[in-house]
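Student: Have a look at the structure that comes next, please.
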Amino acid sequence: MCKICSERPVYVGLDGKNYCKNCFMEYVEDKIFKTISKYKLIERGDKVAVGLSGGKDSMTCLYILDKLSSKYKFDIFAILINEGIENYREITAKDAKKFCKKNKIKLIEFSFDKNFHLTLDKIKDKGISPCTNCGILRRYALNKAARENKATKLATGHNLDDEAQSLLMNEFKGNVSFSAKLGPRTGVLMHSKFIPRIKPLYFLTEKEILVYSKLRDLPITYIECPNSHDSFRNEIGKVLNELEVKYPGTKHSIISSFLNILPDLQNKYQHTKIGTCSICGEPAAKDICRACEILELNT
Amino acid sequence: MKIKVFIERENIKKDIEIKPDARIIDLLKLLKINPVTVIVSKNKKIVVEETPINSKDRIEIYSVVSGG
């Protein structure tokens, strides 16, 4: 039975204790609130853009920030990126639009087709992993749309699983400096055109978010991106889940260890020079930003 | 005894032979599903892995991994 109120349990925590529906939802919301407070993710007066895909993570993020926004005096709006992935994005986008309309949340739409004159489906068989291209173009689009709509923060639905996967991917690929950009809020790269990124769901597992979104009955079509099966991230995720079931708490331990060394990583890599892309004027590590490189190759 | 199970990720329904005192975790083991990667509902209510099940129950297994 629930460790707090003795009702029927819906979730077992890492400590082996049970939570009922209401106590679990309170636990999730409290965890998000504590993350926002501890890492000062949002301050009074902020205008927070929420990257919205219509999936469980971003919908949960938007739902909870919307709940908190009136009490803690900040504004929110959502940015929906349509990459052009057939039989997937149009379905989740429909849920996202419906949710924003019902909850009177301003929604900005950014489509790859309209803004980049390509779709992810059109460029996915050209050598580079679709997830790599998608990640670069999505981050570019979110930052641009957030800034053009005067956001002071950009919130995403990244969770503990995503972060643990990213850390291991960086380790395995020898890209440790990339990990300095992780954490609950933007890492080391400073540029006047960068909108600080925040991750309110940072300490929640993917499973906790799914349970929460189901219990809240959020209007979500639970489908998987057709490209995710082949990704390196997917492989790493499988390994982590195998370790987690044998050694519960593995993912939390990875994140906790990482947060201990993050200040040192940031200190080491904070001098990384960030310039401006000679084509589009957006932040870039080289003369041309990675988004423009992709666009040059594919248009 | 047999129990009806819907596996959302594969979009299939299966009849699975279980022991009379089976729990959700036993069913997941039979199906070779890692419990970290799914949540399970019994008769439309989300339940924990220690929950007992019987042939009259309707079990649905939802995948946690989505990618978005």
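Student: Report, ordered by the first and then the second residue, all pairs with beta carbons closer than 9 Å, sequence separation of six or more or different chains, a first member in segment B:41-60 that is away from chain A (no Cβ under 14 Å), and a second member that is open to solvent by less than 20 Å² (accessible area, probe 1.4 Å) and in a loop (DSSP other than H, G, I, E, B).
Tutor: Listed by first residue and then by second, the contacts come to B:I53/B:I18; B:I53/B:A22; B:N54/B:I18; B:N54/B:A22; B:S55/B:I18; B:I59/B:I53.
Student: Let me ask something else about it. Identify all residues within segment A:88-107 that are within 14 Å of A:G54 (Cβ to Cβ) and outside any helix (DSSP H, G or I); write none if there are none.
Tutor: Residues satisfying the conditions are A:Y88, A:N103, A:I105, A:L107.
Student: Hey, another quick one. Scan (1) of a type outside the set (D, E, K, R); (2) at pLDDT below 95; (3) open to solvent by 60 Å² or more (accessible area, probe 1.4 Å) for the single condition A:G55 breaks and write down its number.
Tutor: Going through (1) of a type outside the set (D, E, K, R); (2) at pLDDT below 95; (3) open to solvent by 60 Å² or more (accessible area, probe 1.4 Å) one by one, A:G55 breaks only (3).
Student: Being open to solvent by 20 Å² or more (accessible area, probe 1.4 Å) and either within 24 Å of A:V28 (Cβ to Cβ) or not in a loop (DSSP other than H, G, I, E, B) (or both) is the requirement here; does A:D161 meet it?
Tutor: no
Student: Exactly one condition in (1) open to solvent by 20 Å² or more (accessible area, probe 1.4 Å); (2) farther than 16 Å from A:I220 by Cα is not met by A:K98; state its number.
Tutor: Checking A:K98 against (1) open to solvent by 20 Å² or more (accessible area, probe 1.4 Å); (2) farther than 16 Å from A:I220 by Cα, the one that fails is (2).
Student: Which pairs have Cβ atoms under 9 Å, sit 6 or more apart or on different chains, and link a residue in segment A:46-75 that is farther than 20 Å from A:D30 by Cα and of a type in the set (S, T, Y) to one that is assigned to a helix (DSSP H, G or I) and open to solvent by less than 20 Å² (accessible area, probe 1.4 Å)?
Tutor: Between residues of segment A:46-75 that are farther than 20 Å from A:D30 by Cα and of a type in the set (S, T, Y) and residues that are assigned to a helix (DSSP H, G or I) and open to solvent by less than 20 Å² (accessible area, probe 1.4 Å), the close pairs are A:S53/A:M59; A:S53/A:R89; A:S53/A:T92; A:S53/A:A93; A:S53/A:A96.
Student: What number of residues within segment A:171-186 are within 13 Å of the chain's Cα centre (by Cα) and either assigned to a helix (DSSP H, G or I) or over 16 Å from A:N267 (Cα atoms) (or both)?
Tutor: Counting residues in segment A:171-186 that are within 13 Å of the chain's Cα centre (by Cα) and either assigned to a helix (DSSP H, G or I) or over 16 Å from A:N267 (Cα atoms) (or both) gives 1.
Student: Mind checking which residues of segment A:256-299 are polar (S, T, N, Q) and under 23 Å from the mean Cα position of the chain (by Cα)?
Tutor: Across segment A:256-299, the qualifying residues are A:S256, A:S257, A:N260, A:Q266, A:Q270.
Student: Here is a further query. Go through segment A:199-223 and give me each residue that's facing another protein chain (nearest Cβ under 10 Å), open to solvent by 40 Å² or more (accessible area, probe 1.4 Å) and farther than 17 Å from B:S41 by Cβ.
Tutor: Across segment A:199-223, the qualifying residue is only A:I223.
Student: In segment A:59-76, which residues are open to solvent by 80 Å² or more (accessible area, probe 1.4 Å) and in a strand (DSSP E or B)?
Tutor: A:D75
Student: For segment A:111-143, give me the residue count where each residue is more than 17 Å from the chain's Cα centre (by Cα) and open to solvent by less than 90 Å² (accessible area, probe 1.4 Å).
Tutor: Residues in segment A:111-143 being more than 17 Å from the chain's Cα centre (by Cα) and open to solvent by less than 90 Å² (accessible area, probe 1.4 Å): 15 in total.
The values are calculated or read from the model by the stated rules, or taken from the named source; none is laboratory data. These numbers were taken from a predicted model, which means no experiment stands behind them. Counting neighbours? That spans all protein chains shown, and the Cβs are built from the backbone with ideal geometry, glycine included. Only protein heavy atoms, including side chains, enter the accessible area calculation; ligands, DNA and RNA are left aside. Shrake-Rupley method; radii C 1.70, N 1.55, O 1.52, S 1.80 Å.
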